[in-house]
Amino acid sequence: MELTQEEKEELQAFARRLQEVRHRLRLMQKELAGVIGFSDSFISLLEAAQTKPGYFFFKNMMEKFNVNPLYLLSGEGEMFLEEENKKNIGMVYKGEDKETVAELLYYLENAPVIRFAVLEYFMNYLYQHKDMIDAQIEASRNPRRSRK
């Protein structure tokens, strides 16, 4: 599928921001690629606006270098996340998917389009499954009752 002119321009802007981040980190393409688990040719293609990044690219850039994914995508926000923003979730949520929840909260806070989409989905799901959800909450609060 061919990209529209607008999509090409967005990809070129992303490529410039990625180069800017890499230069700020003082890394060669090969070094960046090795740390985040991609080939240097993939990084080269990204910086030439010849391919699109995916979820694991953004996840690894955030985890390894504290790069703000929103900055890479849109140029909004700071280039790098503050370390305390990444760690705060650990004080609130202790589940196995803590990193995913932290990422969700980050996007809910910083990307209105994500916040709108998630809230719309949540409200629809809650409306359709409220009885089941309330029963699960009650069972988690009173584990003895749920065994009967």
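The residues in the stretch 118-148 that are aliphatic (A, V, I, L, M) and at pLDDT below 80 can be counted, and the count is 2.
Collect the residues in the stretch 71-108 that are modelled with pLDDT of 85 or more, part of a helix (DSSP H, G or I) and of a type in the set (Gly, Ala, Ser), keeping them in residue-number order. The one that is modelled with pLDDT of 85 or more, part of a helix (DSSP H, G or I) and of a type in the set (Gly, Ala, Ser): Ser74. Within the stretch 104-120, residues that are within 18 Å of Gly75 (Cα to Cα) reach partners that are aromatic (Phe, Trp, Tyr) and part of a helix (DSSP H, G or I) with beta carbons closer than 7 Å, at six or more positions or on different chains, in the pairs Ile114/Tyr107. Of all residues in the stretch 40-70 being touching a residue at least 12 places away in the same chain (Cβ under 8 Å), not in a helix (DSSP H, G or I) and not basic (Lys, Arg), which is surrounded by the most Cβ atoms within 10 Å (Cβ to Cβ)? Restricting to residues being touching a residue at least 12 places away in the same chain (Cβ under 8 Å), not in a helix (DSSP H, G or I) and not basic (Lys, Arg), the top hit is Val67.
The values are calculated or read from the model by the stated rules, or taken from the named source; none is laboratory data. Nothing here was measured: the structure is a model prediction, and the numbers come from that model. Methodologically, a virtual Cβ is constructed for each residue, glycine included, from the backbone with ideal geometry; neighbour enumeration extends over all protein chains shown.
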